[in-house]
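The values are calculated or read from the model by the stated rules, or taken from the named source; none is laboratory data. Small disclaimer: the values here were computed from a predicted structure and weren't measured. Note that each Cβ is placed from the backbone with ideal geometry, even for glycine, and that neighbours are counted across all protein chains shown. Quick note on the areas: whole protein, heavy atoms, side chains included, nothing else; ligands and nucleic acids left out. Shrake-Rupley method; radii C 1.70, N 1.55, O 1.52, S 1.80 Å.
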Amino acid sequence: MKKTILFSTVALAVLAMSCANDDERFFGNGEGRMVLTTEIKADINVESRASASTEDLNESMILWISNSKGPVRKYKGLSSLPDSEWLLSDHYVAEAWAGDSVSASFTDRWFKGRQEFDIRAGEVTSVNVPCKIANVLASISYADGLTDYFSQYSVTVGHKRGSLTFEGETALSTGYFMMPSTDKNLSWTLKAVTNAGVTVERSGVIENAQPATEYVINVRFDPTGSTVGGSYFDIVVDVTENVVYDDFVLELAPIIKGEGFDISGELLAKPGEVGRRSVLVAASSALTKVEVGMENFSQILGIKSSAGNEFTTINFMTELDPTFVENLLNAGVQGVYSRDDDGNVAMMRINFGDAFTNKLTDGVYRINIRAIDSKDQESSAVFTINVSNDPVQIVEVCDYDVWATSATLTANVLRDDVTSPGLQYRKRGDADWTDATIVRSGDVITAQASGLTPGTTYEYRATAVVDGAFATDPLAFTTEAAAQLPNSGFEEWNTSTKAYLLYADSGQMFWDSGNHGSATLNKNITVPDNTVKHSGNYSVKMASEKIVIKFAAGNAFVGQYLATEGTDGQLGWGRPFTSRPKALRGYVKYTPKVVTDANGGDLKKGDMDNGIIYIALVDGTTQDADAADKDYVSGLQQKSWPVIVKTKKEKRLLFSKGDANVIAYGEKVFTEATAGDGMIEFEIPIEYFKSNIKAANIVVTMSASRYGDYFTGGDGSTMWVDDLELVY
């Protein structure tokens, strides 16, 4: 059965605009315009997609564009692709990669592709880079009825750099392998135990395993045979090409962009000085609708529809009456549509000429633009024109520019005769204004209003001197609350349960720990302690320990322990939290031990263990717990979390500060024992990677063994923490 998978990562197109006269300037001397779009295809029937979802593949994509002199462009992730760009006439090579190149994985896949193309000035060039899966794939098919004869069975498949074990009938369906350059053979080993306790083992080799090929290992058996030499089994390796289980196509929706201005912002101008403005709509397929509308559109233009009616919206992709088109052009609005011969790339240029913009008097005008392509993908944008003759104009504060104790204020200077432009603020209800220290860049002034009170509403305004004193009408903002972590002193516990809980019996869970896993072996590794503390009755004591056969790191985290898989755990991290602190402060005592168990991470046996405390603010995206895990803890009320952590080696999923949903992060690593006999104060500064996003959730994790997720650490390493405080 022939099967194929195609992961089309990037389509590049150069679109020549067939516009008249004033639009010919699109082409520079010897240049062509490149429009980047994307088409994603990937299999969607893989049972575990924790680290290889379509979204992950999109953002992991790396695209290089090179000519004979070397790389000329690099893009990382779907979101980084520009809507259009110029390239000099030349011969180019586009190379793309996506996914994770892992030796052996049930989840991580690797795709790559290469395509040569030429750019010629003024010509249409359309390029598609098909990125095919580069892994060798393997799956196991067990004969029906094995459980009637065997108590356990598994097949291990791999090469010298990595292997995967398919355990019993619940084995994941597909394994992905990247073959070493010096080893092209994929080996397999079957191990089984009969109900009578007889061990059976068979091995074999798939020689010269090929990328983009799935090898199905069919395990059949003869229940009438003897057990000598494993002759119960007839093992057959079927070689087929990999299948696209279902194509899932994700393509870039139409892009709407202002030419020479940011359409997401506000265009400021004096009456009669707005000038000609153009908006570009680019799509990876034919456009079926491009609507342009605004309030009182017909009245402002001074024209009516072909039927003699007033209108607020025009669809440039319908067949408009020629007389209406001429009237529209004379009134200063024009739509020019272009498409390449194959229909893969299309562009609409919407021109707003002087005849239209000069009619705009004082006021704010919002032009709504909506585009739909032939694949029903839709985009919209609002082009805002603010026409004013005021000397200065205050800008509404973005919510992400307002913190608990500070806010960034902005105003625009609109006239050349303005002197002493300024910004002022005050608490709502106060009589006096506070002058802020401004920074001027061209016609924009900004200021930091600092020392503000959390959770308080303030007013602000812009001022200037021009023919006397001038002040704008005030606008308002409310500072973020200076929220704190519940039970941050770790005074509330429930020790009446088998697994000790970090909240009172009648309270609500905010913190949790790995006790749910260790308690299955009658051990709590995270407990209240009244002997080492900073204040109150207790601190939280986290003690790493080798429990029977498994190393367990003492830990506590914001979230909930979700499920146990054998001796492994699955955790949900993060709780709703919309404030943005600057640091995490608290008290700690740490006593590390020599690493006794090393199963991953950067420490080996004999090294001194490390402790860690870290904090992260993340956005509102969530992940789902693995529905295949049946042993959820009692009382679990949600299975979607900001962060999912899995410690099982074959399905390991760990938190990283580089994850796409992380807004801010801070950590403190303890590489040696803290000084003295008691607790010491610590403070962790929080670095904000994204300042234009409000926080939605908070993650705090503490562990006596930094690499406890890998079951690495020192037996007896202990950390005490007390009185955590978020600093604003």
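Each residue in the range 132-154 was checked for being over 20 Å from Ala196 (Cα atoms) and hydrophobic (A, V, I, L, M, F, W, C), and 6 pass. Residues in the range 504-514 that are open to solvent by less than 30 Å² (accessible area, probe 1.4 Å) and either out of contact with any strand residue (DSSP E or B) (no Cβ under 7 Å at 6 or more places or on another chain) or more than 12 Å from Asn487 (Cα to Cα) (or both): Ser513, Gly514.
When you scan the range 352-370, do you find a residue that is closer than 24 Å to Ile263 by Cβ, assigned to a strand (DSSP E or B) and at pLDDT below 95, even just one?
Applying the first criterion (closer than 24 Å to Ile263 by Cβ) to the range 352-370 yields 352-370.
Then drop every residue that is not assigned to a strand (DSSP E or B), which leaves 352, 363-370.
Imposing the further condition that a residue be at pLDDT below 95 reduces the set to 363-364.
For the range 352-370, residues closer than 24 Å to Ile263 by Cβ, assigned to a strand (DSSP E or B) and at pLDDT below 95: present.
Can you work out which of the residues in the range 655-678 that are hydrophobic (A, V, I, L, M, F, W, C), touching a residue at least 24 places away in the same chain (Cβ under 8 Å) and more than 22 Å from Phe510 (Cβ to Cβ) is least open to solvent (accessible area, probe 1.4 Å)? Spell out how you get there, then give the answer.
Step one: of the range 655-678, the residues hydrophobic (A, V, I, L, M, F, W, C) are 655, 660, 662-664, 669-670, 673, 675.
From what is left, the residues that are touching a residue at least 24 places away in the same chain (Cβ under 8 Å) are 655, 660, 662-664, 669-670, 673.
Okay, now just the ones that are also more than 22 Å from Phe510 (Cβ to Cβ), so 660, 669-670, 673.
Working: Ala660: 78, Val669: 43, Phe670: 11, Ala673: 56 Å².
The selected residue is Phe670.
Residue selection: Asn537 satisfies the criterion of being in a loop (DSSP other than H, G, I, E, B), open to solvent by 10 Å² or more (accessible area, probe 1.4 Å) and modelled with pLDDT of 95 or more.
Within the range 76-93, is there a residue that is part of a strand (DSSP E or B), at pLDDT 80 or above and open to solvent by less than 50 Å² (accessible area, probe 1.4 Å)? Checking the range 76-93: at least one residue is part of a strand (DSSP E or B), at pLDDT 80 or above and open to solvent by less than 50 Å² (accessible area, probe 1.4 Å).
Taking every residue in the range 521-535 that is over 10 Å from Ile547 (Cα atoms) and pairing it with any residue that is assigned to a strand (DSSP E or B) and open to solvent by 40 Å² or more (accessible area, probe 1.4 Å), at least 6 positions away or on another chain, the pairs with Cβ-Cβ distances below 8 Å are Thr526/Lys541; Val527/Lys541; Pro528/Lys541; Asp529/Lys541; Val532/Lys541; His534/Tyr587.
On the basis of being open to solvent by 30 Å² or more (accessible area, probe 1.4 Å), out of contact with any Pro (no Cβ under 6 Å at 6 or more places or on another chain) and closer than 24 Å to Gln560 by Cβ, does Ser691 make the cut? No; evaluated as a whole, the condition is false for this residue. For the range 540-566, a residue qualifies if it is β-branched (Val, Ile, Thr), closer than 24 Å to Ser640 by Cβ and touching a Leu at 6+ places or on another chain (Cβ under 9 Å), and exactly one does: Val558. Given the criteria surrounded by fewer than 20 Cβ atoms within 10 Å (Cβ to Cβ) and modelled with pLDDT under 70, does Ala50 qualify? For Ala50, the condition - surrounded by fewer than 20 Cβ atoms within 10 Å (Cβ to Cβ) and modelled with pLDDT under 70 - is met. Of everything in the range 450-469 that is surrounded by 13 or more Cβ atoms within 10 Å (Cβ to Cβ) and closer than 16 Å to Arg428 by Cβ, the residue that is farthest from the chain's Cα centre (by Cα) is Arg461. Return yes or no: is Asp602 at pLDDT below 95, of a type in the set (D, E, K, R) and closer than 25 Å to Glu683 by Cβ? In short, yes.
Taking the range 382-399 as the search range and keeping residues that are open to solvent by 20 Å² or more (accessible area, probe 1.4 Å) and in a strand (DSSP E or B), which one is nearest to Tyr365 (Cα to Cα)? Quick ask: steps written out before the conclusion?
Keep residues of the range 382-399 that are open to solvent by 20 Å² or more (accessible area, probe 1.4 Å), which gives 382, 389-390, 393-399.
Now restrict to residues that are in a strand (DSSP E or B): 382, 393-395.
Working: Val382: 10, Gln393: 15, Ile394: 17, Val395: 15 Å.
Taking the candidates together, the pick is Val382.
Summed over the range 278-305, the residues that are assigned to a loop (DSSP other than H, G, I, E, B) and surrounded by 14 or more Cβ atoms within 10 Å (Cβ to Cβ) give a count of 7. Going by the conditions given, is Leu501 free of Cβ contacts under 8 Å to residues at least 40 places away in the same chain, aliphatic (A, V, I, L, M) and open to solvent by 30 Å² or more (accessible area, probe 1.4 Å)? No. Taking first residues from the range 429-449 that are crowded, with 16+ Cβ neighbours inside 10 Å and partners that are at pLDDT 95 or above and among the basic types (Lys, Arg), the Cβ contacts under 8 Å between residues at least 6 apart in sequence or on separate chains come to Trp433/Arg426; Trp433/Arg461.
Condition first: in contact (Cβ under 8 Å) with a residue 40 or more places away in the chain and open to solvent by less than 60 Å² (accessible area, probe 1.4 Å). Now tell me which residues in the range 479-488 satisfy that.
Quick first cut of the range 479-488, residues in contact (Cβ under 8 Å) with a residue 40 or more places away in the chain only: 479-485, 488.
Thr479, Glu480, Ala481, Ala482, Ala483, Leu485, Ser488 - these are the residues of the range 479-488 that are in contact (Cβ under 8 Å) with a residue 40 or more places away in the chain and open to solvent by less than 60 Å² (accessible area, probe 1.4 Å).
Note on the range 422-447: residues that are among the aromatic types (Phe, Trp, Tyr) and farther than 14 Å from Thr463 by Cβ amount to 0. The residue that is nearest to Glu492 (Cα to Cα), among those in the range 515-527 that are open to solvent by less than 40 Å² (accessible area, probe 1.4 Å) and touching a strand residue (DSSP E or B) at 6+ places or on another chain (Cβ under 7 Å), is Val527.
Would you say Leu57 is touching a Gly at 6+ places or on another chain (Cβ under 8 Å) and either open to solvent by less than 50 Å² (accessible area, probe 1.4 Å) or at pLDDT 80 or above (or both)?
Against the criterion (touching a Gly at 6+ places or on another chain (Cβ under 8 Å) and either open to solvent by less than 50 Å² (accessible area, probe 1.4 Å) or at pLDDT 80 or above (or both)), Leu57 qualifies.
The rows are residues; the columns are (1) small (Gly, Ala, Ser); (2) open to solvent by 70 Å² or more (accessible area, probe 1.4 Å); (3) in contact with a strand residue (DSSP E or B) (Cβ under 9 Å, 6 or more places away or on another chain).
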{"position": "Gly308", "(1), (2), (3)": "yes, no, no"}
{"position": "Pro322", "(1), (2), (3)": "no, yes, no"}
{"position": "Asn327", "(1), (2), (3)": "no, no, no"}
{"position": "Met347", "(1), (2), (3)": "no, no, yes"}
{"position": "Asp354", "(1), (2), (3)": "no, yes, no"}
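Would you confirm whether or not the range 470-478 contains a residue that is within 35 Å of the chain's Cα centre (by Cα), surrounded by 17 or more Cβ atoms within 10 Å (Cβ to Cβ), modelled with pLDDT of 95 or more and on the phi < 0 side of the Ramachandran plot? Yes, the range 470-478 contains a residue that is within 35 Å of the chain's Cα centre (by Cα), surrounded by 17 or more Cβ atoms within 10 Å (Cβ to Cβ), modelled with pLDDT of 95 or more and on the phi < 0 side of the Ramachandran plot. Residues in the range 94-121 that are part of a loop (DSSP other than H, G, I, E, B) and more than 22 Å from Ala138 (Cα to Cα) were compared, and the one that is least open to solvent (accessible area, probe 1.4 Å) is Ala121.
Looking across Val155, Val193, one residue alone is open to solvent by less than 20 Å² (accessible area, probe 1.4 Å), β-branched (Val, Ile, Thr), modelled with pLDDT of 70 or more and not in a loop (DSSP other than H, G, I, E, B). It is Val155. Scanning the range 574-591 for any residue that is surrounded by 24 or more Cβ atoms within 10 Å (Cβ to Cβ), assigned to a strand (DSSP E or B) and touching a Lys or Arg at 6+ places or on another chain (Cβ under 7 Å) turns up nothing. Within the range 308-319, the presence of a residue that is under 32 Å from the mean Cα position of the chain (by Cα) and either in contact (Cβ under 8 Å) with a residue 40 or more places away in the chain or within 28 Å of Val387 (Cβ to Cβ) (or both) is excluded. Each residue in the range 400-415 was checked for being open to solvent by 30 Å² or more (accessible area, probe 1.4 Å), touching a residue at least 60 places away in the same chain (Cβ under 8 Å) and part of a strand (DSSP E or B), and 0 of them qualify.
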